[in-house]
Amino acid sequence: MKNYVEFIDVGHEYTLADGQRMRALSPINFNIQRHEFVSVVGPSGCGKSTLLRLLSGLIQPTEGEVRIFDKPVTEPQDEVGIVFQKPTLLPWKNVLDNVLFPLRHKFGRVLPADKQRASQLLEMAGLGSYQQHMPGELSGGMQQRVGIVRALLLSPDILILDEPFSALDALTREEMGFELLRICREQKKTVLFITHSISEAVLLSDRVVVLGGRPGELVDNIEIDLPGQRDNSTLQHPDFAAYTRTIRNYICAPHKTGEQEKTGESAKTDEPRKAVSPHKGAA
Amino acid sequence: MSANTRSLENTMLKTRLKSMLRNSLPTLAMIALIPIWELVCWLFEVPEFILPRPSAIAEAFVAVEPQRWLLHLGATLYIALAGFALSILISLPLAVLLVRSEFLNKTLFPILVVIQSTPIIAIAPLLIVIMGTGDAPRLTITCLITFFPLVVSATTGMLSTPEELIELSRSLRGGAIREIWQIRLPYAIPHIFSGLKVGITLAVIGAVIAEFVAAEQGLGYFVQFSTSYFKIPQAFAALFFLSIVSLMLFKAVRWTQKIWFGWSLQKSS
Amino acid sequence: MKRPFRLKSLLLTGAFALISQATLAADKVTFQLDWLPGGDKASIYAGIDQGYFADEGIEVKISQGRGSTDAISKIATGSADVGFADLVALLVARANDQVPVKAVYSVFSEAPHAFFTVKGNGINSVSDVAGKKIATSPFTSSNIFLPLLLDLNKVDQDSISLVKADPGSLAPMLLTGNTDVVISWITDAEKYRSQAAKAGKELTVMPWYDAGLKFYATSVIASERFLQQRPDVARRFIRAYNRAVEFTWAHPQQAAEAVHKQVPEVDVDVAVATINSIRSLVYNDASASAGLGNFDHQRLADTWKSTAIAQKLDPASFDPETAISREPKLAAE
């Protein structure tokens with residue numbers, strides 16, 4: 001399969017206000033393939049958000065290269081849509097206009113065809129009857145759905161989501177996850193999903209990239225091989241528990257995961273580890 | 001059943017009465033103050049030149065023909081509103097510059113603070129000498145007094161825009177103008193309006209200060225004229241008129257916000 | 001090629017129209033008051049009302065002021081052509097800053113400074129203020145002459161306590177007994193008197209000219225530019241103004257009504273009383289001997305000498321004659 005996104009020895013250092021440099025990310029390598037749903041998990045401060053900003057072209061890596069479709073990312077790309085942690089809708093625009101905002105902001109005007117498309121997308125996200133509502137009248141979950149629809153409007157091939165459900169309650173969160181999965185399958189998106197919820201990452205992803213440490217480095221790159229369509233029943237699958245345990249061990253006790261050290265070699269390569277046997281990982 | 005609905009109606013009526021009472025409380029308090037004031041003046045024989053009675057003030061108010069009041073009111077309103085409009089026209093672009101450029105923020109802002117901390121009343125006569133006796137110095141004085149809260153509130157508002165929206169704008173490559181116009185400025189609306197509310201009352205003060213220094217019309221001029229002739233009740237009448245005008249303008253700003261920017265009120269509450 | 005030509009001819013016609021209009025229309029003169037309008041300024045309003053200025057082909061626009069210095073600087077900067085100012089203030093301004101403004105007509109040939117007190121305070125003459133509390137406004141020119149006056153009347157300066165307060169609060173201070181004496185101008189006596197009457201008290205006025213201070217006060221001043229560029233207008237203006245002064249004190253009631261007509265805030269009664277009470281500032285021995293409106297050399301020299309002493313300036317450093325232009329007045333006669 002073709003690599004849509006490549007991180008090649010990508011590392012990043014921020015320059016602080018006092019001129020000091022602070023490393024946020026040690027050089028890492030990994031790829032995202034076409035229509036793949038990849039999650040990035042890790043403790044806070046491990047460089048997850050830096051990853052998002054690098055891929056979206058908002059910042060340039062100080063080392064290495066980020067490539068999309070075999071081209072280096074040097075500025076924000078049309079192929080990339082971003083969903084933020086907070087919905088950050090514009091409080092003075094209704095739902096429809098909020099969804100249309102990227103078009104208005106990019107091109108200065110909105111065509112009737114765009115409106116129709118926005119309506120369709122809202123319909124698909126179950127917000128058809130809320131088009132004229134103001135953001136303040138919606139629940140947090142609905143606001144975030146509008147945020148997702150807004151990111152989809154420009155039809156990006158790649159969707160980056162930065163902990164999009166972290167402000168929602170647990171039930172809404174699960175429901176939104178499946179909803180996101182459905183939308184991404186329907187719209188055929190390649191997804192980089194940043195989260196600090198391990199179960200969420202395992203439940204939704206084809207692959208989970210585990211970051212750790214400070215500055216962040218790639219700890220593992222695990223292919224999630226769960227049968228069938230992902231839904232509530234997936235949570236009951238024994239491998240699901242095993243995967244989450246494996247990842248939890250990386251994050252909660254990174255220093256004592258001696259067992260992983262042996263296979264740690266693969267973490268440095270861009271080849272995802274083929275099916276780490278969940279049973280073995282559950283030491 | 002009917003008793004139930006009646007009691008429900010009763011409680012609804014009660015809550016409505018209560019809210020009406022709460023809303024009109026400030027007005028009622030002010031009205032209640034008037035007879036007390038009158039009584040105190042009468043009991044202690046307070047001389048008119050120290051504190052005129054409300055009845056004397058009312059008399060003085062009626063004694064001046066309505067056209068006179070309108071003339072003075074018109075003059076003050078013109079200076080206050082035109083100066084205020086000018087101040088908005090200057091301060092909003094200035095705020096945009098301060099937000100966009102760190103260099104300007106570092107160099108211009110201290111100058112603005114210096115201007116703000118200069119007692120305008122002290123330089124007002126100079127402005128008259130420099131700018132002549134037309135509207136220019138009066139507008140300038142009003143403008144100088146009102147622009148600072150506007151600049152500060154607009155700047156703070158624009159800087160309070162969520163970082164994500166700015167990143168969204170950058171990821172869309174919408175450009176600096178659209179970033180300001182479509183994101184930062186609308187986001188600053190609640191802040192700008194609190195600045196406007198402070199500003200409009202200051203504009204009236206500015207107009208009055210200007211009229212103290214050089215004017216032949218206006219409520220401020222009329223206050224000064226009245227005191228120079230020791231017509232204290234008339235001066236008080238003009239003062240009351242002024243504060244009512246000030247209050248009305250303040251309310252007008254609030255209505256403007258409510259009608260055109262209702263969402264910004266929702267956000268602050 | 002046609003358009004520029006047409007534009008040019010259009011401009012020329014416009015310019016001609018303007019010029020011919022200017023020659024046809026009256027000469028416009030802006031008159032700067034030294035304070036708010038009132039009975040003491042009635043002469044200029046009466047002159048307009050009686051049509052004296054119109055007779056001379058002059059259209060006068062009155063601009064209100066906030067003190068002599070304010071009036072002098074507005075005339076110096078060209079905001080106004082002619083106006084009222086205290087001669088003392090003009091002498092000081094010319095001695096210090098060479099402002100291009102000259103006095104052309106003497107309105108008050110006695111100084112209006114005075115002590116006000118209420119009956120029953122035991123103060124009947126200037127020398128009685130020794131040991132008393134005196135209130136004055138911070139910026140009045142009277143303050144400059146107070147030490148001179150006290151010296152002339154052998155009052156120990158250290159014995160009095162001088163309080164400075166806003167002009168608007170002086171009358172209440174006097175009437176409530178917060179001060180024994182107030183320094184004010186005779187032009188304000190009527191306002192104090194009516195205020196005192198309301199409080200059941202009677203005002204006593206002690207003019208400083210009765211106590212030895214002899215000098216010129218409010219005068220008509222004009223910018224040097226106005227005098228040089230429109231000398232004929234200046235002469236006609238003075239001629240009309242002289243008639244206005246004579247009319248004002250001959251018909252106080254009509255003069256007061258003229259003020260009220262143009263400034264409705266001014267009460268006719270107060271204005272009439274003011275005009276009557278300041279008659280002595282205009283008609284007195286000094287103006288009788290020199291002629292109404294004229295500056296006498298000796299009295300002018302004395303005015304400057306007192307001013308210089310009071311201001312701690314060298315009297316020889318400045319010639320007061322340079323601050324005066326007698327030409328328009330003389331030519332007008």
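Among the residues of the stretch A:60-74 satisfying the criterion of being out of contact with any strand residue (DSSP E or B) (no Cβ under 7 Å at 6 or more places or on another chain) and assigned to a loop (DSSP other than H, G, I, E, B), which is farthest from the other protein chains (Cβ to nearest Cβ)? My answer is A:Asp70.
Residue by residue through the stretch B:211-269, note down the ones that are farther than 30 Å from C:Gln262 by Cα and of a type in the set (D, E, K, R).
Let us first name the residues in the stretch B:211-269 that are farther than 30 Å from C:Gln262 by Cα, namely B:247-269.
If the condition is that a residue be farther than 30 Å from C:Gln262 by Cα and of a type in the set (D, E, K, R), then B:Lys251, B:Arg254, B:Lys258, B:Lys267 are the ones that fit.
Can you tell me which residue in the stretch C:72-91 is surrounded by the fewest Cβ atoms within 10 Å (Cβ to Cβ), limited to those that are within 14 Å of another protein chain (Cβ to nearest Cβ) and not in a helix (DSSP H, G or I)? If you could, list the steps in order and put the result at the bottom.
If we filter the stretch C:72-91 for residues that are within 14 Å of another protein chain (Cβ to nearest Cβ), which is where we start, we get C:72-81, C:83.
Applying the additional criterion that residues be not in a helix (DSSP H, G or I) yields C:77-81, C:83.
Details: C:Thr77: 17, C:Gly78: 13, C:Ser79: 22, C:Ala80: 25, C:Asp81: 25, C:Gly83: 27.
Once the filter is applied, the top-ranked residue is C:Gly78.
Candidates are the residues of the stretch C:115-144 that are assigned to a strand (DSSP E or B) and of a type in the set (Ser, Thr, Tyr); the one that is farthest from C:Gly67 (Cα to Cα) is C:Thr117. Annotation: of all residues in the stretch A:48-78 being among the polar types (S, T, N, Q) and closer than 25 Å to A:Ile198 by Cα, the one that is surrounded by the fewest Cβ atoms within 10 Å (Cβ to Cβ) is A:Ser49. The residue that is surrounded by the fewest Cβ atoms within 10 Å (Cβ to Cβ), among those in the stretch C:173-187 that are farther than 20 Å from C:Leu150 by Cα and in contact with a strand residue (DSSP E or B) (Cβ under 8 Å, 6 or more places away or on another chain), is C:Asn178.
One residue stands out among those in the stretch C:1-35 that are in a loop (DSSP other than H, G, I, E, B) and modelled with pLDDT under 90: the one that is nearest to the other protein chains (Cβ to nearest Cβ), which is C:Trp35.
From the set of residues in the stretch A:75-116 that are part of a helix (DSSP H, G or I) and among the aliphatic types (A, V, I, L, M), which is nearest to the other protein chains (Cβ to nearest Cβ)? Lay out the reasoning, then the answer.
We begin by selecting, within the stretch A:75-116, every residue part of a helix (DSSP H, G or I); these are A:95-107, A:112-116.
In the following step, the residues that additionally are among the aliphatic types (A, V, I, L, M) were identified as A:95-96, A:99-100, A:103, A:113.
Working: A:Val95: 13, A:Leu96: 15, A:Val99: 13, A:Leu100: 12, A:Leu103: 9, A:Ala113: 19 Å.
Taking the candidates together, the pick is A:Leu103.
Is it true that some residue in the stretch C:92-99 is in a loop (DSSP other than H, G, I, E, B), more than 14 Å from chain B (Cβ to nearest Cβ) and of a type in the set (Val, Ile, Thr)? Scanning the stretch C:92-99 turns up no residue that is in a loop (DSSP other than H, G, I, E, B), more than 14 Å from chain B (Cβ to nearest Cβ) and of a type in the set (Val, Ile, Thr).
Residue by residue, here is whether (1) under 30 Å from A:Pro43 (Cβ atoms); (2) of a type in the set (Lys, Arg); (3) touching a residue at least 12 places away in the same chain (Cβ under 8 Å) holds:
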| position | (1), (2), (3) |
| --- | --- |
| A:Gly81 | yes, no, yes |
| A:Asp97 | no, no, no |
| A:Arg104 | no, yes, no |
| A:Val110 | no, no, no |
| A:Ala125 | no, no, yes |
| A:Gly136 | no, no, yes |
| A:Gly141 | yes, no, yes |
| A:Ile148 | yes, no, yes |
| A:Leu168 | yes, no, yes |
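Taking B:Ala188 as the residue in question, decide whether it is surrounded by 24 or more Cβ atoms within 10 Å (Cβ to Cβ), in a helix (DSSP H, G or I), within 14 Å of chain A (Cβ to nearest Cβ) and over 15 Å from the mean Cα position of the chain (by Cα). Judged against the criteria, B:Ala188 is a match.
Checking each residue in the stretch C:253-292 for being outside any helix (DSSP H, G or I) and closer than 22 Å to B:Gly220 by Cα picks out C:Val263, C:Pro264, C:Glu265, C:Val266, C:Asp267. Checked across the stretch B:205-222, the condition of being among the small types (Gly, Ala, Ser), surrounded by fewer than 22 Cβ atoms within 10 Å (Cβ to Cβ) and either under 30 Å from B:Ala60 (Cα atoms) or more than 7 Å from every other protein chain (Cβ to nearest Cβ) (or both) holds for no residue.
Checked against (1) surrounded by fewer than 22 Cβ atoms within 10 Å (Cβ to Cβ); (2) at the interface with another protein chain (Cβ under 10 Å from one of its Cβ atoms), C:Leu162 meets all criteria but (2).
The values are calculated or read from the model by the stated rules, or taken from the named source; none is laboratory data. Note that the structure is a prediction, hence the values are computed from the model and not measured. No Cβ is skipped: glycine too gets one built from the backbone with ideal geometry, and neighbour counts run over all protein chains shown.
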